[in-house]
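A short worksheet on the structure shown next.
The values are calculated or read from the model by the stated rules, or taken from the named source; none is laboratory data. Here the structure is a predicted model, which means the values were calculated and not measured. Neighbour counts are summed over all protein chains in view; Cβ atoms, including those assigned to glycine, are modelled from backbone coordinates with ideal geometry. Just so you know, the surface numbers come from the protein's heavy atoms only, side chains and all, with ligands and any DNA or RNA stripped out. Shrake-Rupley method; radii C 1.70, N 1.55, O 1.52, S 1.80 Å.
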Amino acid sequence: MPAVDKLLLEEALQDSPQARSLLSVFEEDAGTLTDYTNQLLQAMQRVYGAQNEMCLATQQLSRQLLAYEKQNFALGKGDEEVISTLHYFSKVMDELNGLHTELAKQLADTMVLPVIQFREKDLTEVSTLKDLFGLASSEHDLSMAKYSRLPKKKENEKAKTEIVKEVAAARRKQHLSSLQYYCALNALQYRKRAAMMEPLIGFAHGQINFFKRGAEMFSKSMDGFLSSVKDMVQSIQVELEAEADKMRVPQQELLSVSESVYTPDIDVATAQINRNLIQKTGYLNLRNKTGLVTTTWERLYFFTQGGNLMCQPRGAVAGGLIQDLDNCSVMAVDCEDRRYCFQISTPSGKPGIILQAESRKEYEEWICAVNNISRQIYLTDNPEAVAIKLNQTALQAVTPITSFG
């Protein structure tokens, strides 16, 4: 069967706007699936309960099966075989309108129960994980807000240590909840395809086995079809198990990373600072003036694109231009007792935006990257080599001579 779209577990930790945008598509699909599953279950329960209205109930079920094609699933890739199968079963329902049914127990066990289990187990699990992921994200945002307001005074080292631990714990919690949520949404794309067909197989087998007339009318024509549908469901289950195994390994690898991944301000001595960057991405705090003397800080996702600094809020489809970096100047600044702040000024020397990085490493790399871009190194044939050469030249210019050869 065609492959289905899936969320990449490697993007869970960074939690970029692009990852959030793709996640919203999966959430929309899960919501649509929940609505459709509830409607399908209502139709099947009517078939089960309305023994004296079997004809009317099967007509409604037939219409509901056809409605799957019109649900406009955001992630409908791979549903073609499901749709064709549902279309065929719709024809079966129409032919069974003239037959009375006494399938109370059989329908309860083979048709209604699988849909209830799918709704109560799979869809409820996704809904629960969504709530947990939302809570974890909120806790992480709150902890980062506290961390961003840390003063530079040394006497506050104890408070800093506690907040750093809080940020790391919140980030780990968000990472774990996002990995679980991503895996559940990925698995749902397989389970929904099987869940739509399994109860219909039970329904069809129950009808054939219970009614001799139904067996005479449909068994010969449907045996092969039902066998192929069963094989298709089994193949989906195999794909699901294989996908679960694939996700299990990288999930364990991603969770086995060192604590430095979660700690925002690691030891500068151990951090590898790249001073030759010509592009950079990551979250920064942007200072906004709200009055003559009052300011606010907003945590946004920044990235460079050519000679431009772009900004993208969480949930936005694309980023917007916030500063032209060509021939600009960048320097460290003291700002409202916050650490790791730097300012980007226009070529004319007019003060521009003020940003705050979350760590010394990010602070120095952003300054180096902006400085490299301002010199338009990105326009050269080999910008990385030019950046390395210029930085080496600058380093030699400020290195004291200790001997005379």
Query raised in the report: Mind checking the dipole of segment 281-398: about its Cα centre, +1 per Lys or Arg Cβ, -1 per Asp or Glu Cβ, Debye to the nearest 20?
Result: 180
Query - Carbon/sulfur fraction of accessible area - segment 281-398, other protein chains in place, 1.4 Å, % - result: 53
Report summary line: By the C-alpha gyration tensor axes a ≥ b ≥ c (rounded if a/c is under 1.5, else prolate when a/b exceeds b/c, else oblate), the shape of segment 17-218 is prolate
Query - On Cα atoms only, tilt of 124-148 relative to the major axis of the chain in degrees - result: 10
Query raised in the report: Are there cysteines in the chain with no second cysteine's Cβ under 4.7 Å away, and if so, which?
Result: CYS55, CYS183, CYS311, CYS328, CYS368
Query - Heavy-atom SASA rank of ASP109, ASP326, ASP79, ASP381 (probe 1.4 Å, accessible area, largest first) - result: ASP381, ASP109, ASP326, ASP79
Report task. Could you order GLU243, GLU10, GLU384, GLU27 by accessible surface area, starting with the largest, using a probe radius of 1.4 Å? Result -> GLU10, GLU384, GLU27, GLU243
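From the protein chains alone at 1.4 Å, what is the descending order of accessible area for SER227, SER62, largest first?
Ranked from most to least accessible, the order is SER227, SER62.
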Query raised in the report: Working from the pairwise distances between different alpha carbons, so that the mean of 1/r is found and then inverted, what is the chain's Kirkwood radius in Å?
Result: 25.7
Report summary line: Taking alpha-carbon centroids only, segment 62-99 lies from segment 279-345 a number of Å equal to 51
Requested in this report: May I ask which of LYS246/LYS361; LYS160/LYS361; LYS70/LYS105; LYS152/LYS173; LYS153/LYS361; LYS6/LYS246 have a Cα-Cα span longer than 23 Å here?
Outcome: LYS246/LYS361; LYS70/LYS105; LYS152/LYS173
Query raised in the report: Helix 54-67 sits at what angle to the longest principal axis of the chain, using alpha carbons and giving 0 to 90 degrees rounded to 10?
Result: 30
Query raised in the report: Working out 0.36 nm times the residue gap between SER235 and LEU99, then minus their Cα-Cα distance, what length gain in nm do you get to one decimal?
Result: 45.7 nm
**Report entry** Probe 1.4 Å, accessible area per residue of segment 121-260, Å²
**Finding:** 51
